[in-house]
Amino acid sequence: MVYLDHNATSVVRPQVLEGMLPFFSERFGNPASVHGAGRAARQGMDVARRRLAALLEVHESQIIFTSGGTEANVMAVFGCAARHHFSGHLITSAVEHASVLQVCAGMERRGMELTVVGVDADGRVRPEDVCSALRESTRLVSIMHANNETGVMQPVAEIAELCRARVPGIVVHTDAVQSVGKIPLCFEALSVHMLSLSAHKLGGPKGVGALVVDSALLLEPLLVGGGQERGRRSGTENVPAIVGLGLAAELAQHTMAEEQKRLRRLQQQLESQIQNERPDALVMGQSAEQRLPNTTALLVPGIHGETVVMNLDLEGIAISSGSACASGRGQPSHVPLAMGVTAELAASMVRVSMGWNTTSLDVERFVRSFVTVIKRLQP
Amino acid sequence: MAYNERVLDHYENPRNVGSLDKDDPSVGTGMVGAPACGDVMKLQIRVDDQGVIADAKFKTFGCGSAIASSSLVTEWLKGKSLDEALMIKNQQVAEELALPPVKIHCSVLAEDAIKTAVSDYRKKQKSLG
Amino acid sequence: MKHPIYMDYQGTTPMDPRVLEEMLPWFVEKFGNPASRSHAYGWEAEQAVEKAREQVARLLGADSREIVFTSGATESDNLAIQGVARFYQDKGRHLITAVTEHKAVLDTCRHLEADGFTVTYLPVQKDGLVAMDALEAAMTDQTILVSIMAGNNEIGVIQPLAEIGQLCRQKKVLFHCDAAQGVGKMALDVEAMQIDLLSISGHKMYGPKGVGALYVRRRPRVRLKPLFHGGGHERGMRSGTLPTPLLVGLGKACELAMQEMAEENKRVLVLREQLLQGILSQLTHVEVNGSVEQRLPGNLNLSFGYVEGESLMMAIKEVAVSSGSACTSASLEPSYVLRALGVSEAQAHTSIRFGLGRFTTAEEVNFVVQTVVQAVNRLREMSPLWEMAQSGIDINSIQWDAH
């Protein structure tokens, strides 16, 4: 099987799993316990926190472990909205992940005002569009760092700086679930107050993620109870998964420079080969430099995306059409629609996303099969 | 909160655990704390004719750090004059035992116990004329 | 005999090796996202998740469509209570719970109070049980939810769930049960007990951390406002990528519990008796906190007169246990559960919680008995309170100068 759906999820890296194993057995204690078993677990957690902090160049205390990217996103928006007693204005973009869009809609139902800023044909949010949406009452702006379907990267730092300059006290959040571990990220440099990430997108296990926060930021917690994570996120910590996240972060940091280059080369290989064979194929988001090095969203007009995906699966190749969350629902994804693409064309879109174990051979196989399948499906 | 070696030592190798006769005129007794707080220290000193503390004993109901704090001060008290005893500060105890911030109050209680014991002795001496 | 000896099964449980074995393939070989409908990796994962869902449902006597996977009991409690309160707030804004509930329940209630809901925190009797007439008296036509746990984490006491369920059904009030400690250790049947929502935790039943579930009744249908919005997973009740390995682990843990619970409970009960009798036969002034009969088999919470809990934990450091003493809690306050039983602050400071479980052996219990007896005797030698008690002084009559 050739797996090219890494934006949906990745294999856990072998070193990561190996590092996690002791925490399922000998070091199984509850980190809140004072005895040896508890301390052994807590130690593992502390090390993981340090590793993740190093990847993003933040202090350990800025990291709040969660059960994943969705929780981090919901926590960020809810936490800020609740602090303002669900009054005021929110801004987000039309291409956000469902977790951000849905929680913003939820906050709107609770009394806040919401503006959803559109994107241009390349899928980019224009800073000036965010700026013109700003009001004195804007409490939170949430713009993702890189889109899960198209890989298009947003000018988050620029947007954040503009917002901060215009509205004192405003909070900026970015869903960086798809970019953390794939491209270098420095929390400070992004000028945001909150950043979400998810372990299984960088070779770590499912079921864990984090919200990275500015030290001075005050948030209402989403989950209350035992007071873990300094009262910011209650619930016994998922130690083995946290350890896995730490290891994945460390591995990503070490291989980042090389890996970025490698994925870019593969991306180029893929896109140029497809364009050669099928000049009618369209790559979403245009120039590769504006996109994550591992993601290519493309379509061949007139050919149904889901059908392509299923055919490729029969050939032993895994990709997706639209995001995992939305797959199988039979509706085109909101992302291409927001880019001004017609519903029909949007339904033709497929997403290819590569990862740490993708090889040049995988890309070749994909191109060959893709071209064959398209030909077969052509009316 | 790993068990601090020095704190553990005072439990595993207790020194000066015991009681002196509190009715003895040369003995000063200081009982501080309360069971509801989880800390009760009883500190006793026997003072000789030169006004020097010849012996000191303790009994403590409390966590490991409380036991260690009271145990430590009984060691320090021996051979000191009453005024020297009153100069013992809780920070010294906390430092010697490497107490974490959440256990500093145990050393404060030990300092209180010393003061109470000395005061009790002095009161007794006064009433004896 | 493994050292140190683990006797804190209510804090967390070691994962059963059979559960770990079941989980491992799902990290690497079978790693797909269960929501990915378009390839074999996704389908395989989805299948495994549905199997786990079935295993959880079976243990509870529920239908698999009634199981929502969460990241643990804390999230399940938050989701159940917040979710129901927000959905039914036009019907009423009053909730009832008990003072001995886990913080995840109590804190969620407190947050709702800040939002204009009213909450009645029922006291408990000396044995730790909620009084049924007190519960009934507290119910009004504004009450929308009662939340009472199955087994208490500190004292192991089991509440009269079937009676509570019957009363709630009669009064048309929803009944949520935090069963994090109870699942797999006592019979739980959501139909027979007329429970509408139930929280479970993986790591309290020899499963992995980071996963749990919330049972949500379908007939009659219970609705709730989700906490985690997003991709619409779990029938819209809880979004977020389903962590396949963790769910497989939870499912397997439930399956094992179903198969082995009866035998295991018998065995653990015998060991607990061994522990209790061993201690009682060699020490005086020891009290059991909470009802002995209505209690989870693996829990024993004892107060050792005149000896402080943390010092006792240090003295038996080769045994991992937990204490109701303030010194071991982050807040420096003695256990609120013990206080709710009417246990004095002083006595709360002298308490130790022993938690036995699947892997506890008779040899370990014997060792613990000896170690505890030795340590208590030694600490009593060092205790001014023991000294006073021995010479006939009543500690309670003394005027202490608290500082």
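The values are calculated or read from the model by the stated rules, or taken from the named source; none is laboratory data. A quick note: this is a predicted structure, and the numbers were derived from the prediction, not measured. So basically every Cβ, Gly included, is an ideal-geometry build from the backbone, and we count neighbours across all protein chains shown. The protein model used for the area step is the full one, side chains on, heavy atoms only, and it has no ligands, DNA or RNA in it. Shrake-Rupley method; radii C 1.70, N 1.55, O 1.52, S 1.80 Å.
The angle between the Cα long axis of helix C:161-171 and the main principal axis of chain C comes to about 50°, on a 0 to 90 degree scale.
For the range A:36-145, a simple Cβ point-charge model (Lys and Arg +1, Asp and Glu -1, everything else neutral) yields a dipole of about 560 debye relative to the Cα centre.
Among complete DSSP H helices in chain A, those whose alpha-carbon atoms stretch at least 20 Å along the helix's long axis and whose mean Kyte-Doolittle hydropathy reaches -1.0 are A:36-56, A:69-83, A:239-277, A:360-377. Taking every protein chain into account, the accessible area of chain B amounts to 43 square angstrom per residue (probe 1.4 Å).
Distance between the C-alpha centres of the range C:232-285 and the range C:94-121: 26 Å, rounded to the whole angstrom.
When DSSP beta bridges are restricted to pairs lying wholly in chain A, around 50% turn out antiparallel.
When each of the peptides C:22-29, C:238-245, B:64-71 is scored by the mean number of other C-beta atoms lying within 10 Å of its residues, the order from highest to lowest reads B:64-71, C:238-245, C:22-29. Kirkwood-type hydrodynamic radius, chain C: 22.3 Å, calculated from all non-identical alpha-carbon pairs. In this rough spin-label picture, where each label sits 7 Å from Cα along the Cβ direction, the A:Arg365-C:Thr118 distance is 6.7 nm. Measuring nothing but how far apart in sequence close Cα pairs (under 8 Å, 6+ apart) lie, relative to its length, the range C:178-325 scores a relative contact order of 17 percent. Once the protein assembly as shown is represented by equal point scatterers at the alpha-carbon sites, with solvent omitted, what log10 I(q)/I(0) does the Debye formula produce at q = 0.07, 0.08, 0.09, 0.11 Å⁻¹? With no solvent term, the Cα-only Debye profile gives -0.63, -0.79, -0.95, -1.26.
Mean Kyte-Doolittle hydropathy of 0.5 or higher plus an axial Cα length of 18 Å or more: which whole DSSP H helices in chain B meet both? Within chain B the helices that satisfy the rule are B:64-77. Simple rule: put +1 on each Lys or Arg Cβ and -1 on each Asp or Glu Cβ in the protein assembly as shown, find the dipole, and look at C:His94, C:Met314, A:His97; the Cα lying farthest toward the positive end is A:His97.
Against chain C, whose longest principal axis comes from its Cα atoms, helix C:40-60 is set at around 50 degrees. Shown here: the range C:201-324, whose C-alpha atoms stretch 59, 32, 30 Å along the first, second and third principal axes, sorted largest to smallest. For C:Lys51, the aspartates and glutamates whose Cα comes closer than 17 Å to its Cα, not counting residues fewer than 8 places off in the same chain, are C:Glu21, C:Glu22, C:Asp63, C:Glu66, C:Glu234, C:Glu255.
Remark: mean inter-chain Cβ contacts per residue of C:106-116 equal 2, using a 10 Å Cβ-Cβ cutoff to other protein chain atoms.
Buried surface for the A/C pair, taken as the accessible area of each chain alone minus that of the pair with a 1.4 Å probe, is close to 4400 Å² in total. Measuring r between the beta carbons of A:Gln269 and A:Thr307 and using R0 = 25 Å, the FRET efficiency lands at 0.50. Taking Lys and Arg as +1 and Asp and Glu as -1, the other residues whose beta-carbon sits under 9 Å from that of C:Ser147 total -3.
Between B and C, roughly 2800 Å² of accessible area is buried in total, ligands, DNA and RNA not counted and the probe set to 1.4 Å.
Cross-link pairs exceeding 22 Å in C-alpha to C-alpha distance, out of B:Lys42/B:Lys124; B:Lys103/C:Lys317; A:Lys375/C:Lys30; C:Lys185/C:Lys266; B:Lys78/B:Lys123, comprise A:Lys375/C:Lys30.
Within the shell of other residues whose beta carbon sits under 15 angstrom from the beta carbon of C:Met23, the net charge comes to -1, with Lys and Arg scored +1 and Asp and Glu -1. Were the residues from B:Leu8 through B:Arg122 laid out at 0.36 nm apart, the gain over their Cα-Cα distance would be 37.7 nm. Excluding same-chain residues fewer than 8 positions from B:Lys80, which lysines have a Cα within less than 17 Å of its Cα? Straight-line reach from B:Lys80, under 17 Å: B:Lys57, B:Lys89, B:Lys115. Across the range B:13-129, the mean sequence separation of Cα contacts (distance under 8 Å, 6 or more residues apart), normalised by length, yields a relative contact order of 30 percent.
Taking only the C-alpha atoms of the range C:73-135, Rg followed by Dmax gives 12.1, 37 Å.
Note on the range C:17-114: Kirkwood hydrodynamic radius from all Cα pairs is 16.3 Å, rounded to one decimal.
Think of each Lys and Arg Cβ as +1 and each Asp and Glu Cβ as -1; about the Cα centre, that makes the dipole of the range A:238-355 roughly 200 debye.
Given the range A:127-276, report the % of alpha carbon pairs whose separation exceeds 19 Å. Considering the range A:127-276, 62 percent of its Cα-Cα pairs are separated by more than 19 Å. Surface composition of the protein assembly as shown: carbon and sulfur make up 50 percent of the accessible area, probe 1.4 Å. Residues of the range C:44-87 with amide nitrogen under 18 Å from the 7 Å Cα-to-Cβ point of C:Glu263? Counting only backbone N, you get no residues.
Computed from the C-beta positions of B:Gln50 and C:Gln370, the FRET efficiency with R₀ = 41 Å rounds to 0.30. Restricting the calculation to Cα atoms, every distinct pair contributes to the Kirkwood radius of the range B:1-93, found to be 13.7 Å. Can you tell me the orientation of helix C:73-87 relative to chain C, as the angle in degrees between its alpha-carbon axis and the longest Cα principal axis, to the nearest 10? On a 0 to 90 degree scale, this one is about 60.
Ranking C:Ile195, A:Pro14, A:Thr138 by how far each Cα lies toward the positive end of the dipole of the protein assembly as shown (charges on Cβ) leaves A:Thr138 at the top.
R0 = 22 Å: FRET efficiency of A:Arg110 with A:Ser132, Cβ-based, nearest 0.05? In this case the efficiency is close to 0.30. Among residues other than C:Arg218 with Cβ under 13 Å from its Cβ, the summed charge is +2 (Lys and Arg +1, Asp and Glu -1). Between the listed residues A:Gly38, A:His59, A:Gly79, the Cα displaced farthest toward the positive end of the dipole of the range A:13-98, a dipole computed from Cβ unit charges relative to the Cα centre, is found at A:Gly38.
Would you mind estimating how fast chain A diffuses translationally, via Stokes-Einstein at 4 °C and 1.567 mPa s with the Kirkwood radius over Cα pairs, in µm²/s? D = 61 µm²/s.
Its Cα centre serving as origin, the protein assembly as shown has a Cβ charge dipole (Lys and Arg +1, Asp and Glu -1) of approximately 1040 debye. Remark on the range C:42-72: accessible area falls by at least 30 square angstrom from chain-alone to full-complex state for C:Ser71, probe 1.4 angstrom.
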